[in-house]
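Working notes for the structure below.
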Amino acid sequence: MSISYNIINDHENSKIKERISPNNKLYLKRLIQNVPNIEIRFFGSITNFTYFENNSDVDCCIIYPDESSRMKVIQFITDDSIEFHIKRITFQQVKLSHPAYNHEFNDVYSVFFDNRDKIDFNLVHSHVGPILQKQHHIGIVFLFFIYILKWLYYHSNIISKDIFRHLKSVMFNIKDYHLNNISVFRSNKESIKDL
């Protein structure tokens, strides 16, 4: 499930807007001001009860209509900014496969700010495809297990970062491949900026 972001209407999706830090809100606002013909859709923990304030990142799709808009989004994300204190930007290509659909290819940019905020941008051409929609649709039982895993890591510090990442990766692989028949292929992450 993904939820559309509307910067103009303050009442629309107010719970999500409450969770987004002022820094991230301003960054998204500037992005929309620079590339007004895009749509931003949130998915992941920001849209459900597995969100942990000051720990969870913000996951979103940027739906762009044409190559010119895509290039403007990339330029905005990768440009040095005086207004935002960005310490690192990474890039990764992702291919999603499912036997019933055509392959879907997406570019993922992760922006890490000095204040520990992080936004993952999944760039998608014209619409969110059926495989990505299927991947974003997460059942309540799976969300419950994700919540427990995050609680063990973020709240109680019982498990290490490496164990957290490994268990989360295993859980998503089970959900994607074994339950939804989705294969996810990721390129190596490239560091675009690293201070």
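Remarks
- Enumerated strands (runs of 3 or more DSSP E) restricted to the stretch 1-100, each holding at least 1 residues that are in contact with a Gly (Cβ under 7 Å, 6 or more places away or on another chain) and at pLDDT 90 or above: 58-64
- Applying the set (1) surrounded by fewer than 18 Cβ atoms within 10 Å (Cβ to Cβ); (2) touching a helix residue (DSSP H, G or I) at 6+ places or on another chain (Cβ under 7 Å); (3) over 30 Å from Asn157 (Cβ atoms); (4) not hydrophobic (A, V, I, L, M, F, W, C) to Glu104 leaves exactly one unmet item: (1).
- Residue selected from the stretch 45-60 under the condition crowded, with 20+ Cβ neighbours inside 10 Å and of a type outside the set (Ser, Thr, Tyr), by the criterion farthest from the chain's Cα centre (by Cα): Ile46
- Contact map, the stretch 73-87: first residue under 22 Å from Asn37 (Cα atoms), second residue modelled with pLDDT of 90 or more and of a type in the set (Ser, Thr, Tyr), Cβ cut-off under 9 Å, separation 6 or more or different chains; pairs are Val73/Tyr64; Val73/Tyr109; Ile74/Tyr109; Ile77/Tyr109; Thr78/Tyr109; Ser81/Tyr27.
- When Thr90 is tested against (1) in contact (Cβ under 8 Å) with a residue 60 or more places away in the chain; (2) more than 30 Å from Leu195 (Cβ to Cβ), only condition (2) is not met.
- Residues that are in contact with a helix residue (DSSP H, G or I) (Cβ under 8 Å, 6 or more places away or on another chain) and of a type outside the set (Val, Ile, Thr) were ranked within the stretch 61-74; the one that is surrounded by the fewest Cβ atoms within 10 Å (Cβ to Cβ) is Lys72.
- The residues listed here are Tyr64, Tyr109; of these, the one that is within 29 Å of Gln33 (Cα to Cα), in contact with a His (Cβ under 7 Å, 6 or more places away or on another chain) and in contact (Cβ under 8 Å) with a residue 24 or more places away in the chain is Tyr64.
- Listed conditions (1) touching a strand residue (DSSP E or B) at 6+ places or on another chain (Cβ under 8 Å); (2) surrounded by 15 or more Cβ atoms within 10 Å (Cβ to Cβ) are all met by Tyr147, apart from (1).
- Filtering the stretch 126-170 to residues that are free of Cβ contacts under 8 Å to residues at least 12 places away in the same chain and among the polar types (S, T, N, Q) leaves Ser156, Asn157, Ser160, Ser169.
- The one condition in (1) of a type in the set (A, V, I, L, M, F, W, C); (2) outside any helix (DSSP H, G or I); (3) modelled with pLDDT under 95; (4) within 24 Å of Arg70 (Cα to Cα) that Ile131 fails to fulfil: (2)
- Identity of the residue in the stretch 169-187, in a helix (DSSP H, G or I) and surrounded by 15 or more Cβ atoms within 10 Å (Cβ to Cβ), that ends up nearest to the chain's Cα centre (by Cα): Phe172
- Residue in the stretch 76-88 that is farthest from the chain's Cα centre (by Cα), counting only those that are among the β-branched types (Val, Ile, Thr) and surrounded by fewer than 17 Cβ atoms within 10 Å (Cβ to Cβ): Ile82
- Failed item in (1) in contact with a His (Cβ under 6 Å, 6 or more places away or on another chain); (2) buried (at least 17 other Cβ atoms within 10 Å of the Cβ), with Ser97 passing the rest: (2)
The values are calculated or read from the model by the stated rules, or taken from the named source; none is laboratory data. Only a predicted model underlies this, so the values are computations on that prediction, with no experimental measurement involved. All Cβ positions, even for glycine, are placed from backbone atoms using ideal geometry, and neighbour counts span all protein chains on display.
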